[in-house]
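Taken together, the values in this text are just the output of simple stated rules run on the coordinates, not laboratory data. These numbers come from a predicted model, not from an experiment. Cβ coordinates were reconstructed from backbone atoms using ideal geometry, including for glycine residues, and neighbour counts include every protein chain displayed.
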Amino acid sequence: MSTRPLRLNQLRKHGAPEELATVAEWDVTPGLHEWIESEIQRQEKAARSADQGQWAATREKYEEWDGGVESSTAGTVANCHAEEAQHIALHAPASVLRRCAADRKILAAHPYTTQVINPSYGPHSAGFGCETCHDWDGVPEGRGNCPTILALAEAYGLDDEDTADVEVIRG
């Protein structure tokens, strides 16, 4: 494979490159599944401790506030501005619990294993890989967490500083 960089204007002038460019990304941070699960549990605990009735934003005047959130079983949940009330109502406990259940399904659909082979495009390998996304001829490659798990972790607060173990290899 060529080591010379491929520029966008080369593609425009000549069509597709003669050689395919490979970009491999993998996150070598073990334990991300467990961290996401603990964040899901934290969200669930908070949602279960809140009122479970139907929540709805209201436009009634509450003292200095122009809106609020009402629960079908507990009455007023919050007094706030109308825009904030809409946001709070959209993230009611029932909604949070549905999201937690969906996120667990995503985790289950992207399990990782330590029974991996070294990716064929570089000397590096994480000690684990996603069984779903990193499959190569029936055996997962050692690329760590897949983009789906990284995106899910980002939704739970993984920030750029936490992704220092993500490697990009261009070949």
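Which distance in nm do the two modelled labels at Ile117 and Ala101 give, with both placed 7 Å along the Cα-to-Cβ direction?
4.0
When the Cα centres of segment 35-50 and segment 70-128 are compared, how far apart do they sit, in Å?
10
Counting every Cα pair in segment 31-132, what percent are over 23 Å apart? Each step should come with its number before you reach the end.
Details: 2526 of 5151 pairs.
Cα-Cα pairs in segment 31-132 separated by more than 23 Å: 49 percent.
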